[in-house]
1. Could you list all residues from the range 222-253 that are outside any helix (DSSP H, G or I) and closer than 19 Å to M155 by Cα?
2. Within the range 58-71, which residues are assigned to a helix (DSSP H, G or I) and either over 15 Å from V189 (Cα atoms) or open to solvent by 10 Å² or more (accessible area, probe 1.4 Å) (or both)?
3. Between a first residue in the range 172-190 that is touching a residue at least 24 places away in the same chain (Cβ under 8 Å) and a second residue that is assigned to a helix (DSSP H, G or I) and among the acidic types (D, E), which pairs have beta carbons less than 6 Å apart while being 6 or more apart in sequence or on different chains?
4. Need a quick list: helices (runs of 4 or more DSSP H) entirely within the range 115-221 having at least 1 residues that are under 21 Å from V25 (Cβ atoms) and open to solvent by 10 Å² or more (accessible area, probe 1.4 Å).
5. Tell me which residues, restricted to the range 35-58, are more than 12 Å from L112 (Cα to Cα) and in contact with a helix residue (DSSP H, G or I) (Cβ under 7 Å, 6 or more places away or on another chain).
6. Take the residues in the range 222-235 that are modelled with pLDDT of 95 or more and among the hydrophobic types (A, V, I, L, M, F, W, C), then tell me which one is surrounded by the most Cβ atoms within 10 Å (Cβ to Cβ).
7. Can you work out which of the residues in the range 16-44 that are farther than 22 Å from P227 by Cα and at pLDDT 95 or above is surrounded by the most Cβ atoms within 10 Å (Cβ to Cβ)?
8. Given (1) part of a helix (DSSP H, G or I); (2) hydrophobic (A, V, I, L, M, F, W, C); (3) in contact (Cβ under 8 Å) with a residue 12 or more places away in the chain, where does F90 come up short, assuming only one miss?
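The values are calculated or read from the model by the stated rules, or taken from the named source; none is laboratory data. Computed from a predicted model, the values in this text were never measured in an experiment. No Cβ is skipped: glycine too gets one built from the backbone with ideal geometry, and neighbour counts run over all protein chains shown. Heads up: the accessible areas ignore ligands, DNA and RNA and are worked out on the full protein's heavy atoms, side chains in. Shrake-Rupley method; radii C 1.70, N 1.55, O 1.52, S 1.80 Å.
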Amino acid sequence: MTATGIPAAPAAAGRAGTALLAAMVAAQVATGLQPRPILLTSVVVLLLAAAALAFAAAVHTLPRAAAAFAAAVAAGYAAEWIGTRTGVPFGDYHYTGLLQPQPGGVPMIVALAWGGMGLAAHAAASAAAPASRAARVALGAAALTAWDLFLDPQMIRLGLWVWHEPGPYRGVPLGNFAGWLAVSLLVMVLIDLSLPDPAARSTGLTALYTVMAVMETIGFAVVFDPPDPLVAAAGGICMGVFVLLAWRRRWRK
């Protein structure tokens, strides 16, 4: 036990998550200063995934957190593997060769992103609606889909994947977001079933979701060259809704 009464292992996991989150912010800032920051983009995702796993372990224990993370990664990878071959559920697209390794044609860094942000979105939803599994799953899926309002335009800018028939949202087909919502629902169900107390509040994971919302909004608004006010507003407002819902109970207290 620590002096505050928190068991040593969860406290250590929480400190590790905080350090990894700080490193992720530094790497995210660095990506905005580079013209084509492919390597740094991968570093950001690795730090995101590691921070999410550490924060989840601080609340749910490492084995349970790892099981939830692995389930989300597997679901994300399977959806991308099927999607690149059939066009379902996201639409017709393919990855370029810039992100490596790519087992089965799907970059592993993409699967890890599903796991890291899946945990963060689930935690935000759990903070907003702790008493209802259905609400947690629905809100978490919407919160994760909101992140894609930033992710797809950014990855298209970097040339990491290509839509065969570009759509109206910065080249992204609108059907992609319906596919994201469907896969995100599956990811939320798997995470919720993998955790011993899925409604347990994780301030670290909620902070991770919040930081991603703020960093992406600032990036598209003023940092990226050229800036994109449309994406900054769309992603910032949509992710911001879930940030406000997640922190509302704590602010009221």
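1. The answer is F224, D225, P226, P227, D228.
2. Once the filter is applied, which keeps residues that are assigned to a helix (DSSP H, G or I) and either over 15 Å from V189 (Cα atoms) or open to solvent by 10 Å² or more (accessible area, probe 1.4 Å) (or both), the range 58-71 yields A58, V59, H60, L62, P63, R64, A66, A67, F69, A70, A71.
3. Matching pairs, first to second residue: W180/D148.
4. In the range 115-221, the matching helices (runs of 4 or more DSSP H) lie at 133-157, 203-218.
5. P37, L40, T41, A54, F55, A56, A57, A58
6. The extreme case among them is V231.
7. Across the range 16-44, the extreme among qualifying residues is G17.
8. Every condition holds for F90 apart from (1).
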